[in-house]
Amino acid sequence: MSAYEVNFDGLIGPSHNYGGLSDGNLASAENAGAVSNPRAAALQGLEKMRLLVRKGLIQAVFPPLDRPNFDLLIRAGFDGTDEEIVRAAAVHAPALLKAAYSASSMWSANAATISPSSDTAEGRLHITPANLSTMLHRSVENPDTTALLISIFHDAEYFSVRTALPMHADFSDEGAANHVRLCAQHGDAGVEIFVYGRDGEDGGKFPARQTLAASQAVARGHGLDETRTIFAKQSRRAIDSGAFHNDVVCVGSLSTLFFHEAAFEDTQRVVAEVKSAAEGLFEPIFVSVSEGAVPLKDAIDSYLFNSQLLSVPGEERLTLLAPQECFENAATRKYCEELPRTNGPIGAVEFVDVRDSMRNGGGPACLRLRVVMTEEEIDACHQGVFLDEEAIDELQTVVTETYRERLSPADLADPAFAAECRAAREAILEVLDLSELS
Ligand code: SUG
């Protein structure tokens, strides 16, 4: 059956700030405490969405979650009016206030893991919201993300929005950032690759955020064919070098897997398992980038692999939509210039500016959740989240009118800012016809 890959981008929220909240995410640590520009950040994200619309791709958006997360603050013992809670938290628990204000739901690759209906036993599209249990500020996303997903994918005839895995270290799950689906055409049965960082205890310098048990639970729940599903271990070297999610060192699309040679613990095994799982469906193409061509450090600094690998209508080969930083890094720039000339599956490289998100460790691929859907499934979704250029213009107007251009961590202590964030979000929800979520 024919199907489309729909990109659901997380709209960057009005409280976007550099909290330094993510251990193991080098950019987040480096920029901790810097002054952010939520307006520029959100406008950049929307321009990226526009670029995809102009390429003839289907683009959708998730609104930001409600921030600050008063639920977190109240469960941590603060009470009173919103103003009183913010004031007290700013004095007694500033780190918690930062977590409550994090706009981290923008990185929608971490919202959920998706299996399209062509892969699942019962023929519905399955969605497992990620519990994001490793980082406090991210662990509070899932109840609201689940509500949002239910609002969008509400038709139970087509969609199964599952419950997130148990909120425990054994089941740490970071969603599609650690999941790659390969196939011949989007609507065909595919091979799903679940990448995990640990099986049980963690022993590295930085936390491994995905467990094997979590990946297995998601695959089981989605009713995937075991012969078409593989579990691959991330290399400890990659995690300890700053690849806190596999999508920092690997991206796949259609039959192509593009990755750094240091991404997996055992690359040969991954290649062999993917080949065998794809037998009879398609011939996988592996583009493995060597340390000699692009040192792991440059790949992680520039986020080369956190690119969107797009099948653009009318183009025979794939387009790599890479962050601007790849153009600025000598090794990755050279690699990107040469890549289309190799006559491999990637025929073009383009660069996009999502600098403000990058400064928190979120590149183009982090900002989108891919959902492969048939036309009927697209029609069964909430329509307000699908974007054309006019809707993007409208969102940009809201952002320009309601978002700040400067936000320092100290500004989070101002109770008036909470009201500002709420008003901005309400205006966004109105554009997306999702006011029920306000
Ligand atoms: O979980 N950064 C996010 C970045 C997520 C990137 N997503 C993917 N790779 N798919 C994270 O570490 C930083 C927030 C702060 O420090 O303010 C943060 O949460």
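The values are calculated or read from the model by the stated rules, or taken from the named source; none is laboratory data. Not measured: the values here are computed from a predicted model. Glycine also receives a Cβ, built like all others from the backbone with ideal geometry; neighbour counts cover every protein chain displayed. To get the accessible areas, we keep the full protein, side chains included, count just its heavy atoms, and leave off ligands, DNA and RNA. Shrake-Rupley method; radii C 1.70, N 1.55, O 1.52, S 1.80 Å.
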With respect to the numbered conditions (1) closer than 25 Å to Leu97 by Cα; (2) assigned to a helix (DSSP H, G or I); (3) in contact with a helix residue (DSSP H, G or I) (Cβ under 7 Å, 6 or more places away or on another chain), which one is the sole condition not fulfilled by Cys421?
(3)
Glu405 passes all but one of (1) closer than 28 Å to Thr113 by Cα; (2) open to solvent by 70 Å² or more (accessible area, probe 1.4 Å); (3) touching a residue at least 12 places away in the same chain (Cβ under 8 Å); which number fails?
(1)
If you scan segment 234-246, which residues turn out to be touching a Gly at 6+ places or on another chain (Cβ under 7 Å) and either more than 16 Å from the ligand (Cβ to nearest atom) or of a type in the set (S, T, N, Q) (or both)?
Gln234, Arg236
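Give the residue, chosen from Val86, Val53, Val61, that is under 30 Å from Ala189 (Cα atoms), away from the ligand (no atom under 12 Å from the Cβ) and surrounded by 21 or more Cβ atoms within 10 Å (Cβ to Cβ). Steps first, please.
Numbers: Val86 fails: under 30 Å from Ala189 (Cα atoms); Val53 fails: surrounded by 21 or more Cβ atoms within 10 Å (Cβ to Cβ).
It is Val61.
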Residue satisfying condition, being in contact with a Phe, Trp or Tyr (Cβ under 8 Å, 6 or more places away or on another chain), open to solvent by 60 Å² or more (accessible area, probe 1.4 Å) and more than 16 Å from the ligand (Cβ to nearest atom), within set Glu375, Glu420, Glu390
Glu375
Taking segment 194-233 and keeping residues crowded, with 21+ Cβ neighbours inside 10 Å, part of a loop (DSSP other than H, G, I, E, B) and away from the ligand (no atom under 16 Å from the Cβ) leaves His222
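Of these, Asp144, Asp155, which one is assigned to a helix (DSSP H, G or I) and either at pLDDT below 95 or surrounded by fewer than 24 Cβ atoms within 10 Å (Cβ to Cβ) (or both)? Can you show your working first?
Numbers: Asp155 fails: assigned to a helix (DSSP H, G or I).
The match here is Asp144.
Tell me whether segment 338-354 contains one or more residues that are under 30 Å from Ser36 (Cα atoms), touching a Ser or Thr at 6+ places or on another chain (Cβ under 7 Å), at pLDDT 95 or above and buried (at least 20 other Cβ atoms within 10 Å of the Cβ).
Narrowing segment 338-354 to residues under 30 Å from Ser36 (Cα atoms): 349-354.
Adding the requirement that they be touching a Ser or Thr at 6+ places or on another chain (Cβ under 7 Å) leaves 350.
Now restrict to residues that are at pLDDT 95 or above: 350.
Filter again for buried (at least 20 other Cβ atoms within 10 Å of the Cβ), leaving none.
Looking through segment 338-354, none of the residues is under 30 Å from Ser36 (Cα atoms), touching a Ser or Thr at 6+ places or on another chain (Cβ under 7 Å), at pLDDT 95 or above and buried (at least 20 other Cβ atoms within 10 Å of the Cβ).
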Could you please find all residues in segment 169-193 being open to solvent by 10 Å² or more (accessible area, probe 1.4 Å) and farther than 25 Å from Glu283 by Cβ?
Ala169, Asp170, Phe171
Residues being in contact with a Pro (Cβ under 8 Å, 6 or more places away or on another chain), open to solvent by 10 Å² or more (accessible area, probe 1.4 Å) and more than 19 Å from Ala238 (Cβ to Cβ): count how many of those fall in segment 282-317.
2
Between Ser2, Ser36, Ser28, which is touching a residue at least 60 places away in the same chain (Cβ under 8 Å), open to solvent by 50 Å² or more (accessible area, probe 1.4 Å) and polar (S, T, N, Q)?
Ser2
Going by the conditions given, is Arg67 buried (at least 19 other Cβ atoms within 10 Å of the Cβ) and more than 15 Å from the ligand (Cβ to nearest atom)?
no
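List the helices (runs of 4 or more DSSP H) inside segment 27-122, counting only whole elements, that have at least 2 residues being in contact with a Ser or Thr (Cβ under 7 Å, 6 or more places away or on another chain). Spell out the reasoning first.
Values: elements: 38-54, 70-75, 82-92, 94-101.
Filter on segment 27-122 gives 38-54.
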Checklist (1) more than 19 Å from His260 (Cα to Cα); (2) touching a residue at least 60 places away in the same chain (Cβ under 8 Å) applied to Gly362, failing item:
(1)
